[in-house]
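The structure appears below as structure tokens.
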Amino acid sequence: MSMRQLPVQNLLRRPGRTMALAALTALLAFSVFGGSIVVMSLRQGLNSLESRLGADIIVVPSSAQSKVSFQNMLLQGTTGAFYMDADNLTRVREVEGVEIAAPQVFLASLKADCCSVKIQVIGFDPETDFFVRPWIGQSYSQELGKLDVVTGCKVEANVGENIRIYDERCKVVGKPAPTGTGLDTAVYCGMDTMKILLKAAETKGVSHKVTSDPDDDVISAIYVKVKDGYDISEVNSKIQGHTRKCSAVRTKSMLTDVSDSLAGISKTVTVLIAAIWALALVILLIAFAMIAGERKREFAVLRLLGSSRAMLIGLVLKESALCSLAGGVLGVLLASLIVFPFTTLIETKLGLPYLRPEISSVTLLGLTSLAATVMIGAAASAWTSFRLSRVDPGTVLREGN
């Protein structure tokens with residue numbers, strides 16, 4: 001048997017010890033890869049939200065706060081429907097400092113005979129919208145026709161298919177890229193289509209009126225962009241006082257709350273990973289120290305057979321590297337099986353934007369996790385390999401160890 005084959009044979013000869021060491025290194029790889037994927041997905045979700053948002057202020061009916069929070073409007077999509085008089089759009093546009101005011105109308109469909117699936121429908125004005133249109137334009141740049149809709153990536157409908165919303169057959173013409181928020185589960189349409197759907201909903205007993213006049217138009221939210229040079233807080237206050245039964249809030253405050261939540265989660269994950277690595281490193285040091293006592297006779301024999309100290313150090317390091325590599329691969333695979341299939345569940349539980357990284361980033365992170373695991377295993381075995389290389393063959397063999 002050559003020295004090249006010896007590390008593998010040593011690991012196979014002690015399967016229990018090998019499996020225990022591999023399990024420890026698997027825990028290291030699992031924690032760093034799984035934790036890093038979660039934190040990276042949260043960061044990308046927040047970056048996606050910030051780059052796509054564009055609005056400085058959001059205006060909704062005062063009654064909406066009892067149904068859905070402002071933050072949920074951004075992170076989870078609206079989970080229902082609420083309305084205000086469309087005249088508020090004109091009032092907002094009259095406020096000094098308002099550059100653009102884009103309306104949206106929300107409609108929650110029913111999971112019944114009238115609808116293919118239970119979804120949130122969001123109507124927007126293509127002429128003024130700066131919140132949805134740029135995002136939708138990535139997959140469908142043409143004008144939305146009558147009963148044309150664009151679906152979020154998580155809606156089970158492909159481009160070219162039809163979905164029923166309150167018995168109206170709508171054609172799916174686009175499917176934008178994921179945003180990492182609940183808006184990926186919504187359906188988007190122009191205002192003409194939304195008016196048709198609102199009338200269809202009325203026939204099913206789903207009312208959206210805010211006055212007794214059936215001809216009054218309604219909207220659900222107004223997304224406002226403030227002109228350069230104007231103080232957003234001051235414009236926000238003016239809007240609050242100039243509209244009727246409305247609430248206005250700065251989006252920056254919501255994103256700050258999200259960013260703070262993300263920072264807290266990132267810190268917690270980092271502390272947990274550091275604690276796991278510190279604990280595993282201590283256990284590995286103890287394990288290799290115990291192994292050193294068991295292998296003194298083996299290394300004494302190898303020294304008598306002509307092995308140099310460098311060869312013995314290399315032997316232990318190779319064994320450690322092979323064992324750590326096997327454990328690292330196992331840990332990365334286990335983390336992948338837990339994190340990736342349950343992306344939606346993680347997003348729901350955390351209540352934060354969650355956008356999975358590209359495959360290239362995931363691959364690079366996996367390789368980095370493997371490299372770190374192998375390095376920590378080698379570092380833990382370095383002192384043991386040095387001690388074993390300095391054994392005195394004659395003394396060890398005379399002691400009968």
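The values are calculated or read from the model by the stated rules, or taken from the named source; none is laboratory data. What you are looking at is a predicted structure, and each value in this text was computed from that prediction instead of being measured. For neighbour counting, all protein chains shown are included, and Cβ atoms are generated from backbone atoms with ideal geometry for every residue, glycine included.
Values as computed for the structure displayed
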| quantity | calculated |
| --- | --- |
| Members of the stretch 116-169 found to be among the β-branched types (V, I, T) and touching a residue at least 40 places away in the same chain (Cβ under 8 Å), listed by number | V117, I119, V121, I122, V132, I136, V149, I163, I165 |
| Enumerated strands (runs of 3 or more DSSP E) restricted to the stretch 133-199, each holding at least 2 residues that are under 20 Å from P103 (Cβ atoms) and at pLDDT 90 or above | 148-151, 186-190 |
| Residue within the stretch 246-268 that is at pLDDT 80 or above, hydroxyl-bearing (S, T, Y) and part of a loop (DSSP other than H, G, I, E, B) present | no |
| Given (1) buried (at least 18 other Cβ atoms within 10 Å of the Cβ); (2) within 30 Å of I313 (Cα to Cα); (3) of a type in the set (G, A, S), index of the condition A371 fails | (1) |
| Helices (runs of 4 or more DSSP H) enclosed by the stretch 326-401 - at least 2 residues per element that are within 29 Å of I265 (Cβ to Cβ) and modelled with pLDDT of 85 or more | 359-389 |
| Filter result (exposed (fewer than 13 other Cβ atoms within 10 Å of the Cβ) and modelled with pLDDT of 75 or more) within the stretch 275-300 | A275, A278, V282, I286 |
| Verdict on I222 being out of contact with any Asp or Glu (no Cβ under 6 Å at 6 or more places or on another chain), surrounded by 14 or more Cβ atoms within 10 Å (Cβ to Cβ), of a type outside the set (D, E) and modelled with pLDDT under 90 | no |
